[in-house]
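Asker: Let me give you the structure first, and then I'll get to my questions.
We did not get these values from a lab; they are worked out from the coordinates using the rules stated. Since the structure is predicted, the reported quantities are computational estimates derived from the model, not experimental observations. For neighbour counting, all protein chains shown are included, and Cβ atoms are generated from backbone atoms with ideal geometry for every residue, glycine included.
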Amino acid sequence: MKIEADAQFKVLAASRMQQRASKRVIEFEAIERKEKGLPPHKVQVTRHGKIDGACEGKDAWDGAIRSLALQVLNMAVVKVTE
């Protein structure tokens, strides 16, 4: 039991370490692109016009959309009735 738990922990730890490393690489590339005057992130669009969920810039795209939606909509709830 303990050996299996240790093995699972090691696999999860290795996976997290790999995710952190890939995130650092993506952030470093974004900084380099920004310094060159290019957009910091690239997203891949499918032929149907949807953003590929596996591309590197998807998280940055989602964050930008979330912040822009609040600025563009500029809505406030004044009164709520049943």
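Asker: Let me spell out the model: positive unit charges on the Cβ of Lys and Arg, negative unit charges on the Cβ of Asp and Glu, origin at the Cα centre of the chain. What dipole size does that give, in debye rounded to 20?
Answerer: The dipole of the chain has a size of about 100 debye.
Asker: In Å, what Kirkwood hydrodynamic radius results for the chain from the alpha-carbon pair distances?
Answerer: When all Cα pairs of the chain are included, the Kirkwood radius is 16.6 Å.
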